[in-house]
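The values are calculated or read from the model by the stated rules, or taken from the named source; none is laboratory data. Here the structure is a predicted model, which is why all the values come from computation and not from measurement. Because the Cβ atoms are built from the backbone with ideal geometry, glycine has one as well, and the counts that use them run over all protein chains shown.
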Amino acid sequence: MFLRVLKDSFARQSRRKLLTAATLALGTAIATATLSVALDVGDRLAREFRSLGANLVVTPQADTLPLQIGGVDYRPVDAGAYLPEAELGKLKTIFWRNNIIGFAPFLDVPVTIGPGSPAAASGADAAERHATLIGTWYRHDVPIPDDGGTFSTGVSATDPYWGIQGRWFTDGSSESVVGAALARRAGIAVGQTITVHAGEHVLQTTVVGIVSSGGQEDDAVLAPLPVAQQLSGRPGNYRRLLVSALTKPEDAFSQRDPHTMTGAEYDRWYCSPYISSISHQMQEQFPNVDVRPIRQVAEGEGRILSRVGALMWLVTAAALLGAALAVAATAGTTILERTEEIGLMKALGAPRMMVGAFFLGEQWLLALFGGAAGYVVGLGLAQLLGQRVFGISPEVRPILLPVVLAVAAAVATLGSIVPLRRLIRLDPAVVLRGE
């Protein structure tokens, strides 16, 4: 009997039912699109941010303070502490190893480009030019312990935004690239061979590119790490490591001291890709290092990710609220048109719960059809939005279908609350008397 009444109701009021289903489909379509993009937007933006530079810096705990004047590090090469290059593969063994998308070691060596080199001779005078030679990797394969594989990393992964005129040096060669500001002052061009002096060590290197980073590298010579290790007499060592890691925005929980957390809180913090937890895991692998977030980068990323996520949820909430209001309007009109039918049902002995279940059954059935249609349309909108905004379509997640159907049912129920209260309070005697 219940199903027969529902069938007759849909047959007699097909246009209004179609309008309600279309309203729910529109609301759930927008919700599906924004949820699909919102679930991907964090990772997408985080990867985009990672192209703007590293967000973690690793230095020895026992290191001395750098002495920099005009971007040049004048510390003697025998001052301070160093870290072993051979242990860098351990970074890809931490819990959040897949979030480490790149790292690059650096070894700064104070050098002079002395008289007699093509670079010095091309200047206005033959005076020695002080600079810093920065040894690093451009693209280097690092063996991963207990894995048997390798991980390709270097400044190509941590700083892909650096501009290069010419090409980058080949790791393991005697080639180099020169910062744009230094090349301009010293008259260095691509293809020249320059001579660098570091104490008793002298080395000739071929310039294969001019690099522009917007930082201290613009006033330096960049060369493969073994070149800097040879000039400094520190084979197999480096002094500073930049790490690029995918992280989630920091919140109040992430900033708590892990020593004050309970066991459950610590597990939750440790298993979340906060920049603080990733730093902690790195220090577990390298006990004698100091891991510091680059706060300007981390905090800026967190603010942007939080605001974009909040915007997505706001649009979703607005769409669903609009759908609920439309459902309430159509449901209210339906009850007004069917007042006599409802009064007759109550007069014949139908209990309030039965009448309410009949009315909600209609709305939930409409939510089922409208939610399914909205899910399909929403996937198309998500693909279009992802392509236009990020250039990549978001991943299709079938798990969203039951979520969207549940949301559609909740919206239909929310929109039916006020009309349902009117229906339950309806007095059949008053209705049947025509009052």
Inset, instruction - Tell me which residues, restricted to the stretch 134-186, are closer than 24 Å to V196 by Cα, in a loop (DSSP other than H, G, I, E, B) and among the hydroxyl-bearing types (S, T, Y). - result: Y138, T170, S173, S174
Inset, instruction - Would you tally the residues in the stretch 145-162 being farther than 16 Å from I134 by Cβ and either buried (at least 16 other Cβ atoms within 10 Å of the Cβ) or at pLDDT below 90 (or both)? - result: 10
Legend entry - Of all residues in the stretch 238-263 being under 25 Å from Y138 (Cβ atoms) and within 18 Å of the chain's Cα centre (by Cα), the one that is surrounded by the most Cβ atoms within 10 Å (Cβ to Cβ): T247
Inset, instruction - Write out, first by first residue and then by second, each pair whose Cβ atoms fall under 6 Å of each other, whose residues are 6+ apart or on separate chains, and whose first residue, in the stretch 264-283, is surrounded by 15 or more Cβ atoms within 10 Å (Cβ to Cβ) and at pLDDT below 90 while the second is assigned to a helix (DSSP H, G or I) and of a type in the set (A, V, I, L, M). - result: I275/A298
Legend entry - Residues satisfying the stated conditions in the stretch 347-363, i.e. at pLDDT 70 or above and closer than 17 Å to V418 by Cβ: F359, L360, E362, Q363
Inset, instruction - Identify all residues within the stretch 61-85 that are modelled with pLDDT of 90 or more and surrounded by fewer than 19 Cβ atoms within 10 Å (Cβ to Cβ); write none if there are none. - result: P84
